[in-house]
Amino acid sequence: MSASLREAVGSNPVWYHTIDLAADVTTPGHFDLRPIVDKLPWPAVRGKRCLDVGTYDGFLAFELERRGASEVVALDIPDHEDWDWPAEIRALGPEYLASVAGPEKGAGFRIAREALRSSVEKVDMTVYDLSRERLGTFDVVVCGSLLLHLRDPLRALEAIRSVCSGEFMSAEEIDLRLSVRHPRRAVARLDGTGERMQWWVPNVAAHKRMVFAAGFEILRSIRPYSEAFGVAHPAHRRQMRTMHLRLARTLLTADMGVPHAALLARPRV
Ligand SMILES: C[S@@+](CC[C@H](N)C(=O)[O-])C[C@H]1O[C@@H](n2cnc3c(N)ncnc32)[C@H](O)[C@@H]1O
């Protein structure tokens, strides 16, 4: 079993998530959410219909299932071409996009789902197309590290709001410097160029404001934390060398990785 599973894991050239698939098989992810997963502001999910938006290899969807959700839908775009690529990168063509993002979208999710004997249902759809007509409503919606990659994060949040009948947990990358400088003012850094496909990176206040503006009220939030690099991330090795940066980040977020904020909200309008 482990040998064939290891082979399947090895057949997928790009793993985003670090997932324990068996006692001795863990995916070599770019990011490792395992250290922070229990710190996130989860609502009660037992017996509930749940949606994970932008699932990638499915870490958060499998976590919803593990926590007792009665049904979990994992949504992601069907193709790397469907990312909101900046114009200069899209102009380089589909083959270039595939070389940046990895050859086959959803391969990791499929391997992980089978290994975990999971019942999570995968839906190929852009967040912008979420609607009650297409998928019904969900008691719980979660969405992690997606908004910064979208040209129109407010439109995405409104689409999420349209299918959320209970609670929404949002965990997003934030700009630490802007969060420290402007603790109460909602400000965001705009990029919109390059392969990292970062559009808007909000400070903590702007993350809350975006969710509020899309029709939610904020129930609670946790202090900023760091999403750790996994073994496949180039920064994983680099971070061992940059001690001063590591120390600064450690002081602010208690760990090394990408700074994030997470909150729990419910529909307000
Ligand atoms: C940075 S990963 C985050 C993965 C996971 N949600 C997490 O928190 O670790 C962003 C994911 O969102 C997906 N994505 C990008 N644009 C999307 C869109 N318009 N609609 C739905 N998913 C999208 C990507 O394909 C990718 O799987």
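Since every read-out is calculated from the coordinates, none of them should be taken as a lab result. Because the structure is a prediction, the values reported are computed rather than measured. Don't worry about glycine lacking a Cβ; one is built from the backbone with ideal geometry, like all the others, and counts go over all protein chains shown.
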- Message: Suppose every Lys and Arg Cβ carries +1 and every Asp and Glu Cβ carries -1, with no other charges. What dipole size does the range 2-267 come out with about its Cα centre, to the nearest 20 debye?
- Response: 1220
- Message: Below 30 Å, Cα to Cα, which lysines can K105 reach? Residues fewer than 8 away in the same chain don't count.
- Response: K39, K48, K122
- Message: Check which residues have an amide H placed less than 5 Å from L21's amide H, if you skip close sequence neighbours.
- Response: T26, T27
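Arrange the peptides 33-41, 85-93, 226-234 so that the one whose residues have, on average, the most other Cβ atoms within 10 Å appears first.
Ranked by mean Cβ neighbours within 10 Å, highest first: 226-234, 33-41, 85-93.
Between A23 and R117, what length in nm is gained on full extension when 0.36 nm per residue of separation is reduced by their alpha carbon distance? Walk me through the intermediate numbers first.
Details: separation 94, 0.36 × 94 = 33.84 nm, distance 1.43 nm.
Residue separation times 0.36 nm, minus the Cα-Cα distance, leaves 32.4 nm.
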- Message: Taking the number of other C-beta atoms within 10 Å as the exposure measure, put H149, H260 in order starting with the fewest.
- Response: H149, H260
- Rank S11, C143, G93 by how far each Cα sits towards the positive end of the charge dipole of the range 2-267 (+1 on Lys, Arg Cβ; -1 on Asp, Glu Cβ) and give me just the farthest. C143
- Item | For D84, D175, order by how many other beta-carbon atoms lie within 10 Å, fewest first | D84, D175
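Does the range 11-149 come out rounded, prolate or oblate by the C-alpha gyration tensor, with a ≥ b ≥ c the root eigenvalues, rounded set by a/c under 1.5 and, if not, prolate when a/b is larger than b/c and oblate if not? Walk me through the numbers before you get to the answer.
Details: a/c = 1.89, a/b = 1.27, b/c = 1.48.
Here the range 11-149 falls in the oblate category.
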- First select every other residue whose beta carbon is under 9 angstrom from the beta carbon of I19; then total the charges, Lys and Arg +1, Asp and Glu -1. -1
- Item | Residues of the range 112-150 with amide N under 20 Å of the 7 Å Cα→Cβ point at R220 | 139-144
- Calculate the length of the line joining the C-alpha centroid of the range 154-229 to that of the range 93-119, in whole Å. 26
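Express in nm, to one decimal, how much length is gained between E81 and A235 on full extension, taking 0.36 nm for each residue of separation and deducting their alpha carbon distance. Don't skip to the end; give the middle numbers.
Values: separation 154, 0.36 × 154 = 55.44 nm, distance 2.54 nm.
Using 0.36 nm per residue and subtracting the Cα-Cα distance, I get 52.9 nm.
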- Item | Rg and Dmax [Cα atoms of the chain; Å; Rg one decimal, Dmax integer] | 18.0, 53
